[in-house]
Every structure is written in structure tokens, then in C-alpha cells.
1. Give me the 1.4 Å probe accessible area per residue for the range 116-158, excluding ligands and nucleic acids, in Å².
2. What do you get when you divide the Cα radius of gyration of the range 88-207 by 2.2 N^0.38 Å, with N the number of residues?
3. Rounded to whole Å and sorted largest first, list the principal axis extents of the Cα atoms in the range 24-110.
4. Kindly provide the helix-only [θ] at 222 nm of the chain, computed as the sum of -39,500 (n - 2.57) over DSSP H runs of four or more divided by all residues, to the nearest 500 deg cm²/dmol?
5. Can you give me the convex hull volume of the Cα atoms of the range 132-201, divided per residue and expressed in Å³?
6. Beta carbons within 10 angstrom, averaged per residue: use that to sort the peptides 139-147, 19-27, highest first.
7. At a 1.4 Å probe radius, carbon and sulfur cover how many percent of the accessible area of the chain?
8. Quickly work out the residue 60-to-residue 105 label distance, labels modelled 7 Å from Cα along the C-beta direction, and quote it in nm with one decimal.
Amino acid sequence: MPELLISHHPVIHNKLAQLRAQDTPPAVFRKLVHELSFLLGVEATQDLATTEVQVQTPMQSCKAQILAESIAIVPILRAGLGMSVGLSGLLPDAPVRHLGMYRDEETLQPVAYYSNIPAGQCEDLVLLVDPMLATGGSALMAIEQIKRWQPKRIKFLALLAAPEGVAALHDAHPDVAIHLCVLDEKLSPKGYILPGLGDAGDRIFNT
């Protein structure tokens with residue numbers, strides 16, 4: 001079973017403290033999401049395969065390593081868009097696909113409304129991103145759709161998660177690695193992460 005990987009990097013946790021604060025303005029909140037996504041992406045891609053090439057520097061020729069795997073970034077709309085910006089800074093050649101889902105506030109179940117996952121050849125690794133893993137419903141639905149695309153590997157990246165969502169994802173898809181900045185305490189009766197940071201989408205887009 002892939003490990004649940006939680007960051008212990010002090011810079012990540014310093015930025016998380018700013019992200020959680022209710023008085024952090026939207027522009028700063030968005031910037032922090034971009035920065036945290038970049039840093040989490042660095043940690044999540046440490047195991048990418050590479051291949052050796054020869055590079056000509058201004059001084060001489062030398063051996064170097066380049067990525068040997070193709071990668072796609074798949075944000076769950078809408079909040080996942082904030083993370084895709086940071087990851088695109090890390091992986092500028094990776095295509096960005098989109099899955100649109102929202103949570104029914106009465107049933108807490110995900111409702112799919114958009115997908116541009118193409119038919120045919122898939123990238124080797126899919127980085128599925130959503131700032132928050134709460135009940136896990138949207139992540140489970142997204143992974144089911146992505147698996148029909150048949151990538152070799154899927155990794156789920158979130159800034160923070162509740163134990164309930166992690167357990168649900170692991171139970172349904174034990175082959176999908178989960179990378180988090182932090183694991184929070186629990187879910188509220190209404191399905192919000194505690195202590196959390198509020199609604200990530202609302203704070204990213206100032207709505």
C-alpha cells in the first residue's frame with residue numbers, strides 16, 4: 001500500500017500558519033496556495049524516473065539527468081485550480097486536465113459536472129490535486145474517472161486533510177499515494193475539516 005506522506009518541512013508549516021489565519025486577504029491566500037503547491041509537488045515527485053543524457057555546458061560536455069516519465073496535472077474544479085498554478089511552475093511542460101465537481105451541501109455527496117480527460121494515450125503519472133481532502137467523496141469520484149484513462153500511477157495531493165477522507169481514499173484506492181502538507185483533527189458534522197481553513201475555493205476566488 002502506498003504510504004500516506006505528510007510534509008514535515010518547516011517552510012511549508014510556516015506558510016500553512018498564514019494560510020489558516022482568517023484575516024489573510026485573498027491575494028495573499030492565493031499566493032500561499034501557489035507556493036505550498038509548488039513545495040508539496042517537489043516532495044511528491046522525488047521518485048520520478050530519470051534518464052541520462054549528455055549536455056554541453058559553456059565549459060565542457062557532461063552527463064545530466066532528465067525526466068523519463070510523462071506527467072499530467074488534474075485539478076478538481078474549482079479550488080484545485082489554485083494548486084495547478086503552483087504545480088505548473090514546477091512542471092511547466094505537464095498538460096493540465098480538469099475535472100469539475102461540487103459537493104451537495106445537503107447530502108455531502110459529490111456531483112460531477114465537467115471533464116476534459118481525453119480518450120487515448122495517457123501520461124505515465126497523474127497528479128490529482130485539491131486543496132482539501134474532507135469526506136473524500138470528490139477525490140474518489142475523480143480517481144474512478146482517471147483510472148478509466150489508465151495511467152501507470154496516480155498521486156493525490158492536498159494541502160490538508162481529515163482522517164476520515166484519508167481512510168475513505170485508502171480503502172477505495174489503496175494503490176493511490178496521498179501527499180499532504182498536514183493531517184488535521186477531524187470533520188465537523190457538516191463535513192468541514194477542523195481546524196481547517198474555511199472554504200478553500202471561496203478564499204482563493206474571494207467569493
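1. Per-residue accessible area for the range 116-158 comes out at 38 Å².
2. Ratio of Cα Rg to 2.2 N^0.38 Å: 1.06.
3. Between the extreme Cα coordinates on each principal axis of the range 24-110 lie 63, 28, 18 Å.
4. Rounded to the nearest 500, it is -10000 deg cm²/dmol.
5. 84 Å³
6. 139-147, 19-27
7. Of the solvent-accessible surface of the chain, carbon and sulfur hold 55 percent.
8. 6.7 nm
The values are calculated or read from the model by the stated rules, or taken from the named source; none is laboratory data. None of the values given here were measured: they were computed from a predicted structure. Note that each Cβ is placed from the backbone with ideal geometry, even for glycine, and that neighbours are counted across all protein chains shown. Heavy atoms of the whole protein, side chains included, go into the accessibility calculation; ligands, DNA and RNA do not. Shrake-Rupley method; radii C 1.70, N 1.55, O 1.52, S 1.80 Å.
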